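Engineer: Quick one: the structure is below, and I'll ask about it shortly.
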Amino acid sequence: MEPIIGPEELKQAQAFHGNVCLGLPLGLRVGGEALRALGVARSADKELTAIAEVAPEQFSHCFLDGVQWITGCTIGNGNLQLAPLGKFALTLVQMESRRAVRVAFRAEFLEEFLRWPPVAAKAEGHRDYRPEPEEVPQQIEDILRRPMHEIVSIREIGDYSVALPKMDWTHRVCADCGELVIGGYTRELGGDALCPACLARRAHAGTTESGVVRP
C-alpha cells in the first residue's frame, strides 16, 4: 500500500507544525486513513468535518496538527471539533452525504509507541536524552507505512449528524475594560455589562477575607 504522504508532503506538514516529532505523524496517519476510507479529497472549504478525541493534557497532542494538515479541517475554519475523550481517534464526516468513518489507533500499537526510546524518555522527564540521527525518521516512517490493519481500526458510520455551532453576531462592550464581547459572555453587575474577566475582578475586589461580598 502506498504511504499516506510522500517525503515532500511530510516536510510541508512538519513546517506547518514547527518541528519534527512523533506526534504529528499520528495525526497524519489517522487523517489520511479516514480520507481513504471515505474516498474523498482533502477539504477545500467545509466539505468535511473532523471530530478529534484527544484531550488538552494528552501526550503527543501534536496529533491535532497532523489531522489539520492532512484533512484540511481546522479550528479557524470551524470544521475541526474537539471531543476530548483521551483517545488517539478521529471521526471524519462528509457533510453532504453525512457518511462518516471513525479511525482509532490500536492499543497494542500505542503501547509499543510509548516504549520507543524518544517517547519513553520524554514521558520520564529525561530532558538530556538525544536520539540517534536516524531513530526518529525511522519511527516516523513506521507510523506512516506500517500496514493499516496492524496500526488502526476503522469503522464506517452512516447518516452521521454533526452539530455545528451557530454563528453569533450579538455583542456588547464591557463597561470596565472597554473591549467588545461576543454574545452571551457578558454578565450584568450593578447595571453594567461586564466581560468574564472584569466580572471576576469586581467580585474579588468586593469580597472580604471572610468571603462575604461587601455591598
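Engineer: Using 7 Å Cα-to-Cβ label points, what is the Lys11/Leu114 separation (nm, one decimal)?
Structural biologist: 3.5 nm
Engineer: Okay, next question. Using 0.36 nm per residue, how much length does the chain from Glu96 to Cys177 gain when fully extended, once their Cα-Cα distance is taken away?
Structural biologist: Full-extension gain reported as 24.9 nm.
Engineer: If I compute solvent accessible area with a 1.4 Å probe over the protein chains, what percent of it on the chain is carbon and sulfur?
Structural biologist: 55 percent
Engineer: Sum up the charges of everything whose Cβ sits under 12 Å from the Cβ of Arg146, counting Lys and Arg as +1 and Asp and Glu as -1, but leave Arg146 out.
Structural biologist: -3
Engineer: Let me ask another. Can you order the peptides 77-85, 91-99, 45-53 by their average number of other Cβ atoms within 10 Å per residue, highest first?
Structural biologist: 45-53, 91-99, 77-85
Engineer: Over the chain, with the other protein chains present, what is the accessible area per residue in square angstrom, probe 1.4 angstrom?
Structural biologist: Here the residues of the chain average 60 Å² of exposed surface.
Engineer: Let me ask another. Taking a quarter of the surface of the Cα convex hull of the stretch 96-169, what do you get in nm²?
Structural biologist: 9.1 nm²
Engineer: Still on this model: If each of Ala163 and Asn77 carries a label point 7 Å out from its Cα toward its Cβ, how far apart are those two points in nm?
Structural biologist: Using points 7 Å along Cα→Cβ, the separation is 2.4 nm.
Engineer: Tell me the volume per residue, in Å³, of the convex hull enclosing the alpha carbons of the chain.
Structural biologist: Once divided by residue count, the hull of the chain is 193 Å³.
The values are calculated or read from the model by the stated rules, or taken from the named source; none is laboratory data. Keep in mind it's a predicted model, so treat the numbers as computed, not measured. Here the Cβ is made from the backbone with ideal geometry for all residues, glycine too, and neighbour counts use every protein chain on show. Surface areas here come from the heavy atoms of the whole protein model, side chains and all, with no ligands, DNA or RNA. Shrake-Rupley method; radii C 1.70, N 1.55, O 1.52, S 1.80 Å.
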